[in-house]
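Engineer: Here it is: the structure, laid out below.
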Amino acid sequence: MRQILLIINCLLLIIQPSAAQNFPVSGTAQPTDKIAAFTAGMDKQPGFLTFYWDAKKGKIWVEISQFDTEFLYYPTLAQGVGSNDIGLDRGRLGQEHVVSFQRTGNKILMVEPNYNYRAISNDPVEKRAVAESFAQSVHAGFEIMAEEGNRVLVDFTPFLMQDAVGATQAIAQTKQGNFRLDPARCAMYLPRSKAFPQNTEFEVTITLSGEMPGGYLREVVPTATAVTMRQHHSFVQLPPLDGSYKPRAFDPRIGYGGIEYFDYATPVSQPIVKRYISRHRLQKKDPSAVISEAVKPIVYYMDPGAPEPIRQALMDGIAWWNQAYEAAGFRDAFLVKLLPPNADPMDIRYNLVQWVHRSTRGWSYGASIIDPRTGEILKGKVTLGSLRVRQDYLIAQGLVGKFDTDTSHVDEMMQLSLARLRQLAAHEVGHTLGLPHNYLASTQGRAAFGRASVMDYPTMVAKLKGATPSASAIDISDAYTVGIGEYDKWSIRYGYTQFADGANEKQELDKIVQDMHRAGLSFLTDQDARPESSAHPQTHLWDNGQNAADELRRVMQVRQVVLANFSEKKIPAGTPMTTLEEVLVPMFLFHRYQVEAAVKSVAGQVYTNALRGDGQTVTASVSAAEQNKALAALLETLHPVALSLPDAALRLIPPRAFRYEPNPREVFKRRTGMVFDALAPAETAANLTLRLLLNPERCARLVRQKATDPTLPGLTDVLDKLRETIVRSPFLGQEGYSSEIARQTEKLLLDHLIRLATNKEADGRVRELTHETLLKIKLYYDARLAASYAYRSWLIDQYLTQPDRVGGTVTLAQPAPDGAPIDPGQEWLLDTECDWR
């Protein structure tokens, strides 16, 4: 039978050769087929990459006519998962790739050259030597299915049906299960698959299947074993490399993101790594004018999905950037508009500010699609989380809320929230303009609280008003700055000033930086701002004021008044009392970020991103007086009275009401089951200060600064003051709430000291001095022969006799409710900003 069928097929091929070529039995085509014939009946979408939709087979056929011509490819997450913890948000951008189509016989390869290694030279042999020294990447291979003139047709469907943004890896990395792409549950999403003159966009519905999904997935996916999202593929025309866009050199003294690469054509006497900033293309209509309109202004479009009055507040904040461009010599060169109804947000021509929803509060993002060859920004993309405004409102509620009626103070609280959104929108758009964070800016500038840049992380300024603290109320009328910062204007000047023909650009840029320094402004960023590892006393997240210790004491006064007046009127009538805890948490921890700022003065070091010969301070230790002032302010946060909740507040928070289960990141952890734990807030706050002060790296810096300058405090000085404040506290010999807090804080100190002394990664001298402190504490306990000291003395005995087995004696302190919703170590292009502050 098989032989008979084979003979019949051969006869059919002989009788109808043309039919066999146009409609192959196997479903494949010969390259000699005409594109018009092959695509007959399909829906054609002409554009940058013209494509055809084959509805019968569910396939996308792409017409390729340009070979060895570079263009940009990048994936995007068009429909997210909705969990900030997993990070798969709507609008998440993937990595850009410069690629080109290359033909070999009947095969088309999509090849990415290696732009990390170049030879900027006119010598083709020199360029070839570099190109052949490093690997390239082939993203896809296609078989030619039809051909006509210089055009070929390929099946793009398999390439599109992939997990292009790495969702499976994100789920695995956050321990939400092992998932895999299920091709049977993937399909093209045609409403968002379009061809434009400068870009072609494809969108696909993909489904990841897996077992044993984690809690984050179960929270946001209807059936957590099947995670369905939409991923987007963008193919974008690149600007010609004709010299009309000139890359601008990077200077570490003023903040810009950008590109860098090895240039092997560089003379040996010069740096081989080249660094350039990322920026939009912006040119004056009249280059000779001091201030001129732009040939093509930068326009940002607001997602109309944001509701009013939020939408207008966001647009107002974005529009602040026009002030900076005016300082750089441009008139009305930065505009913000509402995205038109007929505009597609995926079109490369639209810089987009997108309003995104999640199940929990989370980061907002500002990122850009750039040309990796030059650093030119092609599209700015901002993602703003919708729950941020609710958290800002909650903080305002804790500060000034007093619901005598349902509308009491609502307008005041809403104005604070909208003021924060204006600043947030300006901040994230700043990232898309190429700017990283400047965490030094809150200590610089003409304003009373610094505020020299919207690229800092601001916390609200709450002030006391009234004759005496007991009669004070909270003033939030100046909670957030209005308008662009002074530093921001200098940064835009650096990135966008158009110099006269023949000017020495390097000298002109250096003059801008020098003028900025003379104005009292400078730049330090993420690597300089983290409370544990970094040491600069003025560079921190969510702080205010030029002196962190002074501001900590001021904030503690505000906190005292807020807690003293905390009542059930912080929530509207008819609201479950159990929800009052969510308002209490940010008020009790109102000082947390100023603690993180103040602790950096202890063993702190002032420094700059100095260049040789520019006159800046390279390094200098924080003075002994400033270090001791900061330490004193920090020790005040450990006082039992400062750690106590007012009696009224303790009586206001019942166990959780039915169906009002708390979000665990928004309430205090507790050791008392359902009942509110009266000691948990104190444990959380005391642990925050102790953990930062006894950070192993800070302790090592204390040892070294004392060794090199005996006038500065050393680790023993800090340990002795902790011992005097906590172990010798007069509250320990009493009874009552404050005394129990003092005992809890003392146990926390012992736990931290034991962990530090047994930390094999810690500096040896740090461990030695910590050991000596534990011996001093034990002698103090043993000299008193009181039963109340017996347990704590036993703890130190366990450390002394069994140092490798102290884990069973050390209590893990309750962590603070989340401030920043994810690890603050994220890079600025990925994090860029969120907190309940």
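The values are calculated or read from the model by the stated rules, or taken from the named source; none is laboratory data. Please read all numbers here as calculations on a predicted model, not as lab measurements. Every residue, glycine among them, receives a Cβ derived from its backbone with ideal geometry; neighbour counts consider all protein chains shown. Ligands, DNA and RNA are excluded from the accessible area calculation, which covers all protein heavy atoms including side chains. Shrake-Rupley method; radii C 1.70, N 1.55, O 1.52, S 1.80 Å.
Engineer: Which whole-number value in Å² is the accessible area per residue of the chain, probe 1.4 Å?
Structural biologist: So the chain comes to 44 Å² accessible per residue, rounded to a whole number.
Engineer: List the pairs from K246/K285; K175/K379; K127/K274; K570/K669; K465/K669; K285/K379 whose alpha-carbon separation is above 24 Å, in the order I gave them.
Structural biologist: Result: K175/K379; K465/K669 exceed 24 Å.
Engineer: Right, something else. Taking a ≥ b ≥ c as the square roots of the eigenvalues of the Cα gyration tensor of the chain, is the shape rounded (a/c under 1.5), prolate (a/b larger than b/c) or oblate?
Structural biologist: prolate
Engineer: Leaving out ligands, DNA and RNA but keeping every protein chain, what accessible area does K127 have, in Å² rounded to the nearest 10, with a 1.4 Å probe?
Structural biologist: My reading of the accessible area for K127 is about 100 Å².
Engineer: Ignoring solvent entirely, what values of log10 I(q)/I(0) come out of the Debye formula for region 450-518 at 0.14, 0.26, 0.28 Å⁻¹ when each Cα is a single scatterer?
Structural biologist: For the requested q values the scattering log ratios are -0.61, -1.10, -1.18.
Engineer: Considering only protein heavy atoms and a probe of 1.4 Å, how much of the accessible area of the chain is carbon and sulfur, as a whole percent?
Structural biologist: Carbon with sulfur: 53 percent of the solvent-accessible area.
Engineer: For region 247-394, taking Cα atoms only, what is the radius of gyration to one decimal and the Dmax to the nearest whole Å?
Structural biologist: Every Cα atom of region 247-394 included, Rg and Dmax give 18.4, 59 Å.
Engineer: Restricting to region 220-334, compute how many DSSP beta bridges are antiparallel as a %, nearest 5.
Structural biologist: If I count the DSSP bridges inside region 220-334, around 70 percent turn out antiparallel.
Engineer: Further question: Under the 0.36 nm per residue contour assumption, what length would be gained going from the current alpha-carbon distance of Q102 and E132 to full extension?
Structural biologist: Fully extending the segment from Q102 to E132 adds 9.1 nm.
Engineer: Something else now. Calculate the FRET efficiency for D614 and A37 from the Cβ-Cβ distance with a Förster distance of 56 Å, rounded to the nearest 0.05.
Structural biologist: For R0 = 56 Å, the calculated efficiency reads 0.25.
Engineer: Using the scaling law 2.2 N^0.38 Å as the reference, what is the normalised Cα Rg of region 222-314?
Structural biologist: 1.71
Engineer: Okay, next question. In whole Hz and in residue order, list the ³J(HN,Hα) couplings for region 227-244 that follow from phi through the Karplus curve 6.51 cos²θ - 1.76 cosθ + 1.60, θ = phi - 60°; x for Gly and Pro.
Structural biologist: In residue order, the calculated couplings are 9, 10, 9, 10, 10, 10, 10, 10, 10, 10, 5, 8, x, x, 8, 10, x, 6 Hz.
Engineer: Another question, then. Rounded to the nearest 0.05, what FRET efficiency is calculated for Q95 and L241 with R0 set to 22 Å and r the Cβ-Cβ distance?
Structural biologist: 0.55
Engineer: Using helices alone, I'd like the mean residue ellipticity at 222 nm for the chain: each DSSP H run of four-plus residues gives -39500 (n - 2.57), total over residue count, nearest 500.
Structural biologist: -9500 deg cm²/dmol
Engineer: Still on this structure, please answer the following. Excluding M315 itself, what net charge comes from residues whose Cβ is under 10 Å from its Cβ, given Lys and Arg +1 and Asp and Glu -1?
Structural biologist: Local net charge: +2.
Engineer: Here is a further query. I'd like the GluC sites (Glu not before Pro) in region 667-736 restricted to DSSP loop residues with at most 16 other Cβ atoms within 10 Å, sorted by number.
Structural biologist: Counting only loop positions with at most 16 other Cβ atoms within 10 Å, the GluC sites (Glu not before Pro) in region 667-736 are E735.
Engineer: Additional query: Can you give me the distance in nm between label points at Q162 and R518, each placed 7 Å from the Cα along the Cα-to-Cβ direction?
Structural biologist: 5.4 nm
Engineer: If you project the alpha carbons of region 350-475 onto their three principal axes, what span does each projection cover, largest first, in Å?
Structural biologist: Dimensions of region 350-475 along the principal axes of its Cα atoms: 62, 36, 20 Å.
Engineer: Quick one: check the C-alpha center-to-center distance for region 414-428 versus region 110-179, whole angstrom.
Structural biologist: 40 Å
Engineer: Excluding K402 itself, calculate the net charge of residues whose Cβ lies under 11 Å from the Cβ of K402, where each Lys or Arg counts +1 and each Asp or Glu counts -1.
Structural biologist: Net local charge, K402 excluded: -1.
Engineer: If you average 1/r over all unlike Cα pairs in region 589-683 and invert the result, what Kirkwood radius do you get in angstrom?
Structural biologist: Computed over region 589-683, the radius equals 17.1 Å.
Engineer: Give the ranking of K284, K274 by solvent-accessible surface, highest area first, calculated with a 1.4 Å probe.
Structural biologist: I get K274, K284, largest accessible area first.
Engineer: Hey, another quick one. What do you get for GluC sites (Glu not before Pro) in region 100-170 restricted to DSSP loop and a cutoff of at most 11 other Cβ within 10 Å of the site's Cβ?
Structural biologist: E132
Engineer: State the antiparallel share, in %, of DSSP beta bridges confined to the chain, rounding to the nearest 5.
Structural biologist: Taking every DSSP beta bridge with both residues in the chain, the antiparallel ones total about 80 percent.
Engineer: Which of the DSSP-defined H helices in the chain satisfy a minimum axial length of 15 Å, computed from C-alpha atoms, and a minimum mean Kyte-Doolittle hydropathy of 1.6?
Structural biologist: 2-15
Engineer: Rounded, prolate or oblate for region 628-670? Axes are the square roots of the Cα gyration tensor eigenvalues, ordered a ≥ b ≥ c, and the cut-off for rounded is a/c under 1.5.
Structural biologist: Oblate is the answer for region 628-670, as a/c is 1.5 or above yet b/c matches or exceeds a/b.
Engineer: Under a plain spin-label model, where a point goes 7 Å from the Cα along Cα-to-Cβ, how far apart in nm are D286 and L800?
Structural biologist: Result for the modelled spin labels: 8.5 nm.
Engineer: Can you give the Kirkwood hydrodynamic radius of region 314-363 from its Cα pairs, in Å with one decimal?
Structural biologist: 13.2 Å
Engineer: Rg to Rh for region 58-160: what is it, with Cα atoms only and Rh by Kirkwood?
Structural biologist: 1.07
Engineer: Sticking with this one: Name the shape class, rounded, prolate or oblate, that the alpha-carbon gyration tensor gives for region 636-713, where a ≥ b ≥ c are the square roots of its eigenvalues, rounded holds for a/c under 1.5, and otherwise prolate holds if a/b is larger than b/c and oblate otherwise.
Structural biologist: Prolate.
Engineer: Taking N as the number of residues in region 608-649, what is its Cα Rg relative to 2.2 N^0.38 Å?
Structural biologist: That works out to 2.11 for region 608-649.
Engineer: Mind giving me the nanometre distance, one decimal, between the label points for S739 and T407, set 7 Å out from Cα along Cα→Cβ?
Structural biologist: With each label placed 7 Å out from Cα toward Cβ, I get 5.2 nm.
Engineer: What is the distance in Å between the Cα centres of region 183-236 and region 273-330?
Structural biologist: 33 Å
Engineer: From the C-alpha coordinates alone, can you work out the Kirkwood hydrodynamic radius of region 308-415, in Å?
Structural biologist: Result for region 308-415 stands at 16.7 Å.
Engineer: What whole-number value in cubic angstrom gives the convex hull volume per residue for the C-alpha atoms of region 740-820?
Structural biologist: Cα-based convex hull of region 740-820, divided per residue, equals 116 Å³.
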